[in-house]
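Trainee: Submitted below is the structure of interest, expressed as structure tokens.
Just so it is clear, none of the values below were taken in a lab; they were calculated from the coordinates. Keep in mind the model is a prediction, meaning the values are calculated, not measured. Note that we place each Cβ from the backbone using ideal geometry, even for glycine, and neighbour counts take in every protein chain shown.
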Amino acid sequence: MIKYNLKCSNGHEFKSWFSDSNEFDKLDKKKLLECIYCSSKKIQKSIMSPMISGRKLKEDNINLLNEKLSGKKNEFAIIHFFYLIIFHLEG
């Protein structure tokens, strides 16, 4: 994925994501791009930021997710425990 800053011929600026660097050119050639403010079909691009992926980034994200989930797992276990007690007392 790649994110571009886009600007129409009327000076409006906006951002959009594209699957790769060629997608903008294909859509522009077919006149499928237009300004979100004025519907102008004359759009220029400038690169914004590529989607960065890598093993270290993925591992960091997984570790962060696991940390957040561990607290939720404990909360769920407590709720489940009380549910079992209530169910047992009513049963």
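Trainee: Name the most mobile residue of N61, N22, N74, meaning the one with the largest mean-square fluctuation, in a Gaussian network model of the chain with Cα contacts below 10 Å.
Mentor: Ranking N61, N22, N74 by mean-square fluctuation puts N74 first.
Trainee: Related question: Which FRET efficiency value, to the nearest 0.05, is calculated for K26 and E67 with the Förster distance at 35 angstrom and r the Cβ-Cβ distance?
Mentor: Efficiency computed from Cβ-Cβ geometry: 0.25.
Trainee: Once you have the Kirkwood Rh of the chain from its Cα pairs, apply Stokes-Einstein at 25 °C and 0.890 mPa s and quote D in µm²/s. Numbers along the way, then the final one.
Mentor: Working: Rh = 17.4 Å.
Diffusion coefficient, whole number: 141 µm²/s.
Trainee: Per DSSP helix of 4 or more residues, -39500 (n - 2.57); summed, then divided by the residues of the chain. What does that give at 222 nm, rounded to the nearest 500?
Mentor: -17500 deg cm²/dmol
Trainee: May I pose another question? Based on the Cα atoms of segment 1-46, what semi-axes does the equivalent ellipsoid have, where each is the square root of 5 times one gyration tensor eigenvalue, given in whole Å with the largest first? It would help to have the intermediate numbers written out before the result.
Mentor: Numbers: eigenvalues 54, 28, 11 Å².
So the three semi-axes of segment 1-46 are 16, 12, 7 Å.
Trainee: Also: Report ³J(HN,Hα) in whole Hz for each residue of segment 58-65, in order, from the Karplus equation J = 6.51 cos²θ - 1.76 cosθ + 1.60 where θ = phi - 60°; Gly and Pro get x.
Mentor: Residue by residue, segment 58-65 yields 5, 5, 4, 5, 5, 5, 5, 4 Hz.
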